[in-house]
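The values are calculated or read from the model by the stated rules, or taken from the named source; none is laboratory data. Everything numeric in this text was worked out from a predicted model, so none of it was measured. All Cβ positions, even for glycine, are placed from backbone atoms using ideal geometry, and neighbour counts span all protein chains on display. All accessible areas refer to the heavy atoms of the entire protein, side chains included, with ligands and DNA or RNA removed. Shrake-Rupley method; radii C 1.70, N 1.55, O 1.52, S 1.80 Å.
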Amino acid sequence: MDNEEFRKQGHQLVDWMADYFRDVSKYPVKSQVRPGDILEKLQDHPPESGESFESILKDFEQNIIPGITHWQSPSFFAYFPAASSAPSVLAEMLTATIGAQCMVWETSPAAAEMEERVMEWLKEMLHLPEHWSGVIQDTASTATLVALMTARQKMISPSVNEFGYPNNNFRVYCSNQAHSSVDKAVRMAGIGSNNLIKIDVDNEYAMIPQQLIEAIENDLESGYVPLFIVGAIGTTGSTAIDPVDEIGEIAERFGCWYHIDAAYAGTAFILEEFRSKFNKLDLADSFVFNPHKWMFTNFDCSAYFVKDKNDLIDTFTLTPEYLRTRDEGVVNNYKDWGIQLGRRFRALKLWIVIRSFGVGEMRKRIRYHIELGQWFAGEIDKHPNFELLAPVPLNTVCFRFNPGQMSLVDLNVMNEKLMHKINDSGAFYFTHTVLNEKFTLRLVTGQSNVKMKNVEDAWKIIQQTATDLVSP
Ligand SMILES: *Cc1c(COP(=O)(O)O)cnc(C)c1O
């Protein structure tokens, strides 16, 4: 493709993109294809000679789009959203065009310095402790692994980086509602899943601090070494909020590394009314939240903060001769702040998104998303045949249809049926979790462009489908 052809195709592609955003509500939200449907449509062999971009795009529209689940539809209420926005997409076009590989400062000074600046911006926007340092990771899973690896390097002697584990008696703690990325991290960091202790939760699905203390004391008595505690602000199941201030004090008392996982809910720190619930965040050694979930910045972009950047850098710095530059010690070489060597220029989309929206507009939208969730929770609560199954601190609503006179098993089967029926219709998309053995429907009103109308429509469809299920 020569440059003039690129220009022509590029303009047409932007038209396609704008049409997609305009029409995204018209597609079935959850892809309706069956396993193998798309594979069958993809040519068995790579073509010997090049094809025109037009014909490839046409193929994409006809054969690939049906296999897409439309995360950018305002009727996407599943999982947590993967936020995007027009400015973020434009930023990604720039990133791709420049195609810089931002492993060290010298390989694009602007990328490193912009990353430093936008992480300062995020810290200010979220009212995070001033002395923290930030770096962009690809995902929260990576950030949590990085935190655990930093903890083991800092707190285990002799150095695990050099000698491996001296013995295997380290313990990690989180609530039984913590994200599976904690389980994955203990496996990958060589701690072992038997050494991950899951602490019970209260009836709001938040960690019970007294049980954490007891678990740690038991472990100490048995000769284990408590190493790492994860507190969650917004669990994945129900956005439960662990008592993070109290857990921080426990971590301090027992000398554990304290990591806070606020992957989804962290964005709500932009609101004073939410941020003011937390007074002792500076007890945390590390903190992660995902702008790629709820902050209008398309996947992937995870903001990771540490109390002491030297701990992080001590863990990950490794400079072979071919990566040596003149500026070491003077600049941030972000390859030393995490696992990857090669890094995308992710700061650019944050810089463009934050400037395009402005913090005020972001705050307004986040507040509106929470209002939508609260409205929906209120409707559920008022309805005689529906019930809330968890508190709704933000905009994740956990609920079920319960017309009465049914066993737990029957209710579980019926609610699962209700969910599949709606999702298969393509009208909107929501997902489930299990809370206290109850099949729990879960609806999140955090998609970048969600409006009241989308939530009202979803609620109507839920009621109608539920009614049809019990009186066909
Ligand atoms: C989504 C989520 C994660 C994982 O996020 P990734 O960026 O996809 O790795 C971790 N923790 C919590 C609480 C989450 O909700």
Exercise for review: Read through the list (1) away from the ligand (no atom under 16 Å from the Cβ); (2) at positive phi, then give the number of the only condition that Gln101 fails.
Suggested key: (2)
Exercise for review: Run Leu42 past the list (1) surrounded by fewer than 17 Cβ atoms within 10 Å (Cβ to Cβ); (2) touching a residue at least 60 places away in the same chain (Cβ under 8 Å) and report the number of the one that doesn't hold.
Suggested key: (2)
Study note, to complete from the structure: Within region 258-280, restricting to residues that are within 16 Å of the ligand (Cβ to nearest atom) and among the aliphatic types (A, V, I, L, M), the one that is nearest to Thr239 (Cα to Cα) is Ala265
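Mind checking which residues of region 187-199 are over 13 Å from Ala215 (Cα atoms), aliphatic (A, V, I, L, M) and more than 15 Å from the ligand (Cβ to nearest atom)?
Those that are over 13 Å from Ala215 (Cα atoms), aliphatic (A, V, I, L, M) and more than 15 Å from the ligand (Cβ to nearest atom): Ala189, Ile191.
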**Study point:** Which numbered condition Leu372 fails, given (1) of a type in the set (A, V, I, L, M); (2) open to solvent by less than 10 Å² (accessible area, probe 1.4 Å); (3) over 18 Å from Glu120 (Cα atoms); (4) under 18 Å from the mean Cα position of the chain (by Cα)
**Key:** (4)
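Pick from region 162-186 the residues that are assigned to a helix (DSSP H, G or I) and in contact with a Leu (Cβ under 9 Å, 6 or more places away or on another chain): which of them is nearest to the ligand (Cβ to nearest atom)?
The initial filter retains those residues of region 162-186 that are assigned to a helix (DSSP H, G or I), namely 162-163, 180-186.
With in contact with a Leu (Cβ under 9 Å, 6 or more places away or on another chain) added as a condition, the list becomes 181-186.
Values: Ser181: 5, Val182: 8, Asp183: 11, Lys184: 9, Ala185: 10, Val186: 14 Å.
Going through the qualifying residues, I end up with Ser181.
Could we say that Met103 is surrounded by fewer than 19 Cβ atoms within 10 Å (Cβ to Cβ) and among the aliphatic types (A, V, I, L, M) here?
no
Any chance you could count how many residues in region 281-297 are of a type in the set (A, V, I, L, M, F, W, C), under 29 Å from Leu227 (Cα atoms) and away from the ligand (no atom under 13 Å from the Cβ)?
Residues that pass the stated criteria total 3.
Looking for something on the phi > 0 side of the Ramachandran plot and open to solvent by 50 Å² or more (accessible area, probe 1.4 Å) - is there at least one such residue anywhere in region 141-163?
So far as region 141-163 goes, no, none of its residues is on the phi > 0 side of the Ramachandran plot and open to solvent by 50 Å² or more (accessible area, probe 1.4 Å).
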Practice item. For Asp300, work out the one condition from (1) within 16 Å of the ligand (Cβ to nearest atom); (2) acidic (Asp, Glu); (3) within 19 Å of Arg152 (Cα to Cα) it doesn't fulfil. Key: (3)
Study note, to complete from the structure: Taking first residues from region 166-190 that are open to solvent by 70 Å² or more (accessible area, probe 1.4 Å) and second residues anywhere that are part of a helix (DSSP H, G or I), the pairs with Cβ under 6 Å that are 6 or more apart or on different chains are Arg187/Ser193; Met188/Leu145
Review point. Of the residues that make up region 202-220, is at least one within 16 Å of the ligand (Cβ to nearest atom) and either at positive phi or touching a Lys or Arg at 6+ places or on another chain (Cβ under 7 Å) (or both)?
Key: yes
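Each row is one residue, and each column tells you yes or no for (1) within 29 Å of Phe399 (Cβ to Cβ); (2) in contact with a helix residue (DSSP H, G or I) (Cβ under 7 Å, 6 or more places away or on another chain); (3) among the small types (Gly, Ala, Ser); (4) at pLDDT 95 or above.
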| site | (1), (2), (3), (4) |
| --- | --- |
| Asn203 | yes, no, no, yes |
| Ile208 | yes, no, no, yes |
| Ile229 | no, yes, no, yes |
| Ala232 | yes, no, yes, yes |
| Ser238 | yes, no, yes, yes |
| Pro243 | yes, yes, no, yes |
Study note, to complete from the structure: Of Ala151, Ala143, Ala147, the only residue that is among the small types (Gly, Ala, Ser), more than 16 Å from the ligand (Cβ to nearest atom), assigned to a helix (DSSP H, G or I) and in contact (Cβ under 8 Å) with a residue 40 or more places away in the chain is Ala151
Check your understanding: What tally of residues in region 13-35 results from selecting those that are in a helix (DSSP H, G or I), open to solvent by 70 Å² or more (accessible area, probe 1.4 Å) and touching a residue at least 12 places away in the same chain (Cβ under 8 Å)?
Key -> 2
**Study point:** Filter result (surrounded by 14 or more Cβ atoms within 10 Å (Cβ to Cβ) and within 25 Å of Glu130 (Cβ to Cβ)) within region 318-339
**Key:** Val331, Asn332, Asn333, Tyr334, Asp336, Trp337, Gly338
Practice item. For Tyr429, work out the one condition from (1) more than 30 Å from His127 (Cβ to Cβ); (2) of a type in the set (Ser, Thr, Tyr); (3) touching a helix residue (DSSP H, G or I) at 6+ places or on another chain (Cβ under 8 Å); (4) surrounded by fewer than 22 Cβ atoms within 10 Å (Cβ to Cβ) it doesn't fulfil. Key: (4)
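Do we find that Ile241 is within 21 Å of the chain's Cα centre (by Cα), β-branched (Val, Ile, Thr), over 30 Å from Phe439 (Cβ atoms) and open to solvent by less than 50 Å² (accessible area, probe 1.4 Å) in this structure? Reasoning before the result, please.
Working: within 21 Å of the chain's Cα centre (by Cα): yes; β-branched (Val, Ile, Thr): yes; over 30 Å from Phe439 (Cβ atoms): no; open to solvent by less than 50 Å² (accessible area, probe 1.4 Å): yes.
When the stated conditions are applied, Ile241 does not pass them.
Condition test on Ala147, is it closer than 21 Å to Met207 by Cβ and among the aliphatic types (A, V, I, L, M)? Working first, answer last.
On the way: closer than 21 Å to Met207 by Cβ: yes; among the aliphatic types (A, V, I, L, M): yes.
Answer is yes for this residue.
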